[in-house]
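Some notes on the structure that comes next.
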Protein chains: 2
Amino acid sequence: MTTTDETRAPRPAGRPRSAKAEKAIIEATLDLISESVSLSELSIEAVAARAGVGKTTIYRRWSSKEDLVVDALAVLKSPLPPLAGRSVREDLITCLEIMRREASDTRSRCVMNIAMNEAERHPRLVERILRATVRPRQEAMRALLQRGVETGELRADLDLPIAMAMVVGTVMWYVKTAGSGEAGADSETLTERLVDHILAGLVPR
Amino acid sequence: MTTTDETRAPRPAGRPRSAKAEKAIIEATLDLISESVSLSELSIEAVAARAGVGKTTIYRRWSSKEDLVVDALAVLKSPLPPLAGRSVREDLITCLEIMRREASDTRSRCVMNIAMNEAERHPRLVERILRATVRPRQEAMRALLQRGVETGELRADLDLPIAMAMVVGTVMWYVKTAGSGEAGADSETLTERLVDHILAGLVPR
DNA sequence: TCGTTGCGAAACTTTGCCGTATCGAAAACG
DNA sequence: CGTTTTCGATACGGCAAAGTTTCGCAACGA
């Protein structure tokens, strides 16, 4: 083919693509997603304007809005937290503190919003989110509770699906309703109080 | 003014407005709202097409999309359930069974979706929903738990906001995740099992 | 220096919905 | 009968955004 047999480095000729522009596009996309209710409200034009970039630069990199959103959301992926494993209570506090913080963060929240609301319109995108983010956390939570049952820290007759809903649902709903109304005054002990209220129903009598 | 002094019955001349068309418009609006993620996706044209009605017929009755949505959602309002008041457990089962049923119904669910997601874009509409539907139920739930504390059925040191989040959040999250996956097989006892798991953490030790 | 590719800006066509107007038919009244 | 109003249908101008193309300039390798 060419004079040199470069398989590893195709050495594209011409001006290289600007990493700065790409970064700005991703950031603008995340901003606009978290400001909008649904993905259909996200317009490429708005992304270009917010990023200070030509539309061409976006279309050259991503062929569809969905592809752009996938790459943008990938930036947000925080790894599963390491769990000390010393006690169910301690691990629950760790998990719920992270959940609470993420549920309060505009950008992190939009991942769950998309996963919950756009399943019919963007099934492949939602499936990717479920596979990469939601289900691993669900599984970690399930394992955490399961282990608690085995060690005797939790009731032997625990209904796992219900217990998981209790843990996650309580935190999500509390953040959404009580919100950040009472500011950060007692937010340090909030997670502990949540865990203790929830655990009270899950430990053996 | 006219020959007869009719104040009560203005007797509008001409062809009366079709109640059937109005019904069809409301129904089409509810259908389309529950199919869409956000209110901005609801188009008058789509409502007219779905209802088999001319756009004129809609604009003649409602001056804005928001007005139409308000009238449409009003159809869904189910009254607050009467609570027997014999025990916290019994009343909780009553409430949660209704919540579970409504959270599983596409049309009822969209009321909460709007209330949770459209606050910034349609503040007046959301405020109406909060006033008419959400807050009365919140208050009923608060009173129910408060009464339980006073009668000694619930722990004296109960954190009411957290307890409310536990009750509502658990049901909402369970329906959303477990969903209607296991069909209606054990759905008869599901509400009871939910209540008993939640209550275990709220009753005195 | 030259060829190639990326860049931002702008113009372009297409699409979808808005809100209004117009039309002939239909349904009430006197 | 006529009058009045609503009906469904259709067409209109206007707007916003989509996605494409063109343009002149910038940045790289050869």
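The values are calculated or read from the model by the stated rules, or taken from the named source; none is laboratory data. Just so it is clear, the model here is predicted, and its values are computed rather than measured. A quick note on method: Cβ atoms are made from the backbone with ideal geometry, for glycine too, and the neighbour counts reach across all protein chains shown. Ligands, DNA and RNA are stripped out before the accessible areas are found, and what is left, the full protein with its side chains, is counted by its heavy atoms. Shrake-Rupley method; radii C 1.70, N 1.55, O 1.52, S 1.80 Å.
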Checklist line | Carbon/sulfur fraction of accessible area - chain B, other protein chains in place, 1.4 Å, % | finding: 53
Notebook entry, point to check: Expressed as a whole number of Å, what is the distance separating the alpha-carbon centroids of segment A:116-192 and segment B:44-101?
Noted result: 29
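So if I place +1 on the C-beta of Lys and Arg and -1 on the C-beta of Asp and Glu, and nothing else carries charge, what would the dipole magnitude of segment B:120-185 be about its Cα centre? I want it in debye, nearest 20.
In debye, rounded to 20, segment B:120-185 gives about 420.
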Check: Roughly how many Å² is the accessible area per residue of chain B, as a whole number, for a 1.4 Å probe?
Finding: 56
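Output the pairs from A:K20/A:K77; A:K23/B:K65; A:K55/B:K65; A:K176/B:K23; B:K77/B:K176; B:K55/B:K176 with a Cα-Cα distance over 27 Å in this structure; if there are none, say none.
Pairs exceeding the cut-off: A:K23/B:K65; A:K55/B:K65; A:K176/B:K23; B:K55/B:K176.
Between chains B and A, what is the buried accessible area summed over both chains (1.4 Å probe, protein heavy atoms, nearest 100 Å²)?
Working: alone 13070 and 13070 Å², together 22900 Å².
It comes to approximately 3200 Å² buried between B and A.
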Checklist line | Pair B:Q138, B:T106: separation of 7 Å Cα→Cβ label points (nm) | finding: 2.9
Margin query: I'd like the Karplus ³J(HN,Hα) series for segment A:52-58: coefficients 6.51, -1.76, 1.60, θ = phi - 60°, whole numbers in Hz, and an x wherever there's a Gly or Pro.
Written below: x, 9, x, 4, 3, 4, 6
Next item on the list: Output the DSSP H helices from chain A with an along-axis C-alpha extent of no less than 18 Å and a mean Kyte-Doolittle hydropathy no less than -0.5.
Entry: A:19-35, A:88-104, A:160-177, A:187-200
Next item on the list: List the residues of segment A:146-171 whose accessible area drops by at least 50 Å² when all protein chains are present, compared with their chain alone, using a 1.4 Å probe and counting only protein heavy atoms.
Entry: A:I162, A:A165, A:M166, A:T170
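Evaluate E = 1/(1 + (r/R0)^6) for B:E27 and A:S40, where r is the Cβ-Cβ distance and R0 equals 30 Å; express this FRET efficiency to the nearest 0.05. Walk me through the numbers on the way to the answer.
On the way: r = 24 Å, r/R0 = 0.78.
For R0 = 30 Å, the calculated efficiency reads 0.80.
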Margin query: Taking 30 Å as R0, compute the FRET efficiency from the Cβ-Cβ separation of A:R193 and B:S187 and round it to 0.05.
Written below: 0.40
Notebook entry, point to check: Label points 7 Å out from Cα along the Cβ direction at A:R60 and A:R86: separation in nm?
Noted result: 5.4
Item checked: Residue-averaged [θ]222 nm for chain A, counting only DSSP H segments that reach four residues, each worth -39500 (n - 2.57) -> -19500 deg cm²/dmol
Next item on the list: Find which of A:T29, B:L199, A:S78 sits farthest along the positive direction of the dipole of the protein assembly as shown, computed with +1 on the beta-carbon of Lys and Arg, -1 on that of Asp and Glu, about the Cα centre.
Entry: A:T29
